[in-house]
Amino acid sequence: MAADYRMFAGVNLYHFTGGPCAELVALGAARAQGARQMRCIVAVGNHGRGVIGPCGRDRQVFVDHYPTMRVIVPTPAGLRSVLAADLMPLAQRWTPEAGMNGLDPSLYRDPEAAGPPIIRFNPRYLEAVRSGVKTKTTRFRDPAQLGPARLVFESDPEVVLPAEVTGIRHCLVSDLTDQDAQAEGLTTAARLREVLQGHYPDLVGTDGVDVITFRINHKTGA
C-alpha cells in the first residue's frame, strides 16, 4: 500500500536461478505508477500458507528504500506490524545517491561461493532430515551435484547441516515411486506428488524432476 492508499500487487514467478520475490515485484509496479512512498507491505503464500515474512534480500531493499514502511510479519503470537528498519538491526545502508560508497565489501560475500553447494529446505523438514527419516529430496528445475553439500533450512536463524549427495536420479513426476515417497518421510507416491505440487504449483506429471539422495555428515557438524 502506497502512502496515498493506492494498492499494488505482485507475484513471484518461480525459477531455480532466482528472480524477484513478490514483494519486489509489487514495489516495482508501485514505482512504475508513480508511487514513491510506501505505507505498508505484506506477502501471502499460496496453497493456504498464509502470511510469510520477507527474505533477507527483500529486507535490505525495504531498509534502503522504505525504512519507515510497515511490514506485516508472522510471529508465534500472531501477525505483527513492524518498521522495515527494525527488520535489519545494525544494517549498512545503500542509497541511490551514495551507491556503495562507505560499505565494506567483505560483508557482502556470496554465501553460495563460500563452500560446498547449497540445497535449501523449508524448516519444517529439519527434524525429519536430522533424524534420518528424510534421506531424499525431489527437485524441479533446481539442479544439484554429487559430493559435499550444505543443507540450509530457511528458519530464523538459518540452520546448516553438512551433507553428502550420494545419488541423483532423473525421472518424470508420474514415475515417482512409493519408495521415493517413503525416503522423504511420506507414505505413497501420490502423496509425494501432492506435496511437490505445493512447492511447484506449475508442476505436471510429464515434467522431469531430480530425486536427490543425501546423507548427513555427522563428523563435521550437526
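The values are calculated or read from the model by the stated rules, or taken from the named source; none is laboratory data. Please read all numbers here as calculations on a predicted model, not as lab measurements. Positions of Cβ are generated from backbone atoms using ideal geometry, with glycine treated the same way; all protein chains shown enter the neighbour counts.
Of all residues in the range 175-219, those satisfying the criterion of being closer than 26 Å to N12 by Cβ and among the hydrophobic types (A, V, I, L, M, F, W, C) are L176, L186, L192, V195, L196, L203, V204, V209, V211, I212.
Restricting the range 173-220 to residues that are hydroxyl-bearing (S, T, Y) and out of contact with any Phe, Trp or Tyr (no Cβ under 7 Å at 6 or more places or on another chain), the residue that is surrounded by the fewest Cβ atoms within 10 Å (Cβ to Cβ) is T206.
For the range 155-172, the candidate set comprises residues that are of a type in the set (D, E) and either free of Cβ contacts under 8 Å to residues at least 60 places away in the same chain or at positive phi (or both); within that set, the residue that is surrounded by the most Cβ atoms within 10 Å (Cβ to Cβ) is E164. Applying the set (1) surrounded by 12 or more Cβ atoms within 10 Å (Cβ to Cβ); (2) closer than 26 Å to H15 by Cβ; (3) at pLDDT 95 or above to P116 leaves exactly one unmet item: (3). Of all the listed residues (A30, A77, A85, A43), the sole one being modelled with pLDDT under 90 and surrounded by 14 or more Cβ atoms within 10 Å (Cβ to Cβ) is A85.
For the range 159-201, enumerate the residues that are in a helix (DSSP H, G or I), of a type outside the set (S, T, Y) and over 24 Å from the mean Cα position of the chain (by Cα).
Filtering the range 159-201 for residues in a helix (DSSP H, G or I) gives 173-175, 178-183, 189-199.
Checking which are of a type outside the set (S, T, Y) leaves us with 173, 175, 178-183, 189-199.
Scanning the range 159-201 gives D175, D178, Q179, Q182, A189, A190.
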